[in-house]
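The values are calculated or read from the model by the stated rules, or taken from the named source; none is laboratory data. No experiment lies behind these values; they were computed from the predicted model shown. We place every Cβ from the backbone using ideal geometry, glycine too, and count neighbours over all the protein chains shown.
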Amino acid sequence: MIPTARKQKSRIDAVKVYLYKNWQFWALMALPLIYLLIFHYIPMTGIILAFKRFSPRKGIFGSENVGLMYFRQFLGAPSSFRIIMNTLRLGLYSLIAGFPIPILLAIAINEVKNRKFKKSVQLITYAPYFISLVVLVGMMMRIMDLRTGILNHLIVALGGKPINFFGSKDIFPHLYVWSGIWQIAGYASIIYIAALSGVNPELQEAAIIDGASRLQRIWNVDLPSIRPTIVMMLIFNVGQIMNIGFEKAYLMKNSVNQANAEIISTFVYEIGLKNGDFSFSTAVGLFNSVVSLILFVIVNEISKRLTDTGVW
Amino acid sequence: MFALGKKRMQESATDKVFLTIIYLVLILVVLIILVPLVYVVSASFSDPQAVISGEMKLFPVRPTLRGYEAVFKYHKIMIGFRNSFFYMFVGTAINLIMTMLAAYPLSRPEFKARRFLSFIFMFAMIFSGGLVPTFMVVEKLGMINTVWAMLIPNALSIWNLMLCRNYITNNIPNELYEAGILEGCTPIKFFTTVVIPLCKPILAVLALYYGIGHWNTYFSALIYLKDPNLQPLQIALRELLVINKVDPTLVTNVQAIADMQGLTDLLKYAVIVVSSLPLMLIYPFVQKYFVKGIMVGSVKG
């Protein structure tokens, strides 16, 4: 009797001590946690919409169960295959063309010893990151206009035929990817510049004494030193392949380039919020999230096995 | 000795070539970025006919300020400016408060729940319920078509929270905290008197990131807002630049209709410049913080 009572009392004391030590942390966390619950975890329970035929009258939980019907509907339709391929095409193209460029840019900037030149290059290359996507697409539409755009005036002056940049589904992926590189390559290079500034100078000096040329030093000293950063960024980027952002694709999409420009995120918006098919839209969104999550985990595992670098 | 010297000479020659190539490539990169920007700025000051015909190549032709006059008379754009400034300032203030409130407890080792709490934040970053379930929550809360929809659903970016947590972990030494507790500081008092003042650099970075986000995005407004009086600048820009819908009240007489095409073209260039100006003006001054923020984020915590 007595030992249990004592044990109980000590347990209560432990709780009291815990509360005394920690209640202030919990008080500070309260607001962010409520936010997390309402705007992240409650929507997560909303994914059961994907398995029900949603009727506003019956509510989410009262609606009829339909199992995997919406997933079958999505994966069975030929147009869905096209949308998935569009998403993958833009994602892979952005990765393959866009991933190495910031690294090369960072290495080039790192080789420059003239401080003024270096600072100016950085100032200018980061600048497009601050332009909004609406303005970026608006600029492209002005400059590349079929009749009035300066680009087509130049093409004609050089003896070419004017190109309808926004009226072609084949040009769309190139426009999408390269305008993205134009906008964020400078910004994306910052992390590598930071990593390069942390390369051990003794290694560099040793390489110079050994008679290594600049190129050899880049290859044998700089690149191996920033490998963890490169691998980490690669994991993030590969994990993002399916998460092509909504905003730019939606801005650039028109009735002509639709065949290549409709991607999962714009499709989810159109069927969900424009057509009001909540369940179907949620199912497509869930499909995308799950594929992304799996992709992320796989790449992280591969990277951990091969290079000992992982995001977690 | 002689051989070594010769070898060095040779290598420095190849190095020189290599370095020249690097300079040329960087100059090319700078031009690729600058030329479109300069073109747009010049076009906003030029005679629209010269722009349309391709007469204007890179620098203004027959300079005029009519485009800018039109921007400031364009009601929707001005409303957009007002609203975007509001969303940016109030939204960023909310963001900073929420981020600090969560980042500090998550950085304290003696707060044992922090590992679990960090995990549930991280998980929400990687996996989300998606567009429709989030929309339904916002709808249930009665925020549709109110300013709250622009401020509350994005009150906290988990990515920025992790950045801030790492900064506190790496920059506020544990000894400082222990000394504070010994002198009778409670965790909250330590937070307000020591942590917040020491966090000024990261707060500058976060304010910049959040501020850019509020100023440049149109997605929340597109899905949550219908009322034209609440629309942010980017929505007005999208209508004008991308959808090509021009406010008819801009044309006041017959003569103006003839000018209309030219004027709307000029208006578009001018509005691009005016809308990008606030961030472009701030950016050179905060550039060092900007770079610092990325460095903080790249340190694994």
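Here are a few things to note about the model shown:
- Candidates A:V177, A:V221, A:V231, A:V199, filtered to the one that is touching a Ser or Thr at 6+ places or on another chain (Cβ under 6 Å), under 27 Å from B:M295 (Cα atoms) and without any contact (Cβ under 8 Å) to a residue 40 or more places away in the chain: A:V199
- Residue in region A:159-172 that is under 24 Å from A:F99 (Cα atoms), modelled with pLDDT of 90 or more and hydrophobic (A, V, I, L, M, F, W, C) present: yes
- Region B:98-140: number of residues that are out of contact with any Pro (no Cβ under 6 Å at 6 or more places or on another chain), without any contact (Cβ under 8 Å) to a residue 40 or more places away in the chain and closer than 18 Å to A:I38 by Cβ: 12
- The residues of region A:253-278 that are acidic (D, E) and within 27 Å of A:N164 (Cα to Cα), listed by number, are A:E262, A:E270.
- Odd one out for A:Q122, checked against (1) within 30 Å of A:I218 (Cβ to Cβ); (2) surrounded by fewer than 17 Cβ atoms within 10 Å (Cβ to Cβ); (3) among the polar types (S, T, N, Q): (2)
- Considering (1) away from every other protein chain (no Cβ under 14 Å); (2) surrounded by 12 or more Cβ atoms within 10 Å (Cβ to Cβ); (3) modelled with pLDDT of 90 or more, the lone condition that A:I96 does not fulfil carries the number (2).
- For region B:144-164, the condition of being closer than 16 Å to B:T217 by Cβ, β-branched (V, I, T) and buried (at least 20 other Cβ atoms within 10 Å of the Cβ) holds for none of the residues.
- Among helices (runs of 4 or more DSSP H) entirely within region B:123-230, having at least 3 residues that are away from chain A (no Cβ under 11 Å) and in contact with a Leu (Cβ under 9 Å, 6 or more places away or on another chain) singles out B:148-151, B:158-171, B:200-216.
- Residues of region A:260-268 include at least one that is surrounded by 15 or more Cβ atoms within 10 Å (Cβ to Cβ) and at the interface with chain B (Cβ under 9 Å from one of its Cβ atoms).
- Region A:115-174, residues that are assigned to a loop (DSSP other than H, G, I, E, B) and farther than 24 Å from A:R89 by Cα: A:I131, A:D145, A:L146, A:R147, A:T148, A:G149, A:L158, A:G159, A:G160, A:K161, A:P162
- Residue ID - surrounded by the most Cβ atoms within 10 Å (Cβ to Cβ), chosen from residues in region B:102-122 that are facing another protein chain (nearest Cβ under 9 Å) and not in a helix (DSSP H, G or I): B:R108
- Lone unmet requirement of (1) touching a strand residue (DSSP E or B) at 6+ places or on another chain (Cβ under 8 Å); (2) assigned to a helix (DSSP H, G or I); (3) free of Cβ contacts under 8 Å to residues at least 12 places away in the same chain for A:S55: (2)
- Qualifying residue in region A:36-48 (condition: of a type outside the set (A, V, I, L, M) and more than 9 Å from chain B (Cβ to nearest Cβ)): no
- Qualifying residue in region A:218-236 (condition: part of a helix (DSSP H, G or I), within 12 Å of chain B (Cβ to nearest Cβ) and in contact with an Asp or Glu (Cβ under 8 Å, 6 or more places away or on another chain)): yes
- Output for region A:125-157, where each listed residue is surrounded by fewer than 16 Cβ atoms within 10 Å (Cβ to Cβ) and of a type in the set (G, A, S): A:A157
- Of all the criteria given as (1) under 30 Å from A:Q122 (Cβ atoms); (2) without any contact (Cβ under 8 Å) to a residue 24 or more places away in the chain; (3) not hydrophobic (A, V, I, L, M, F, W, C), the one not satisfied by B:N95 is (2).
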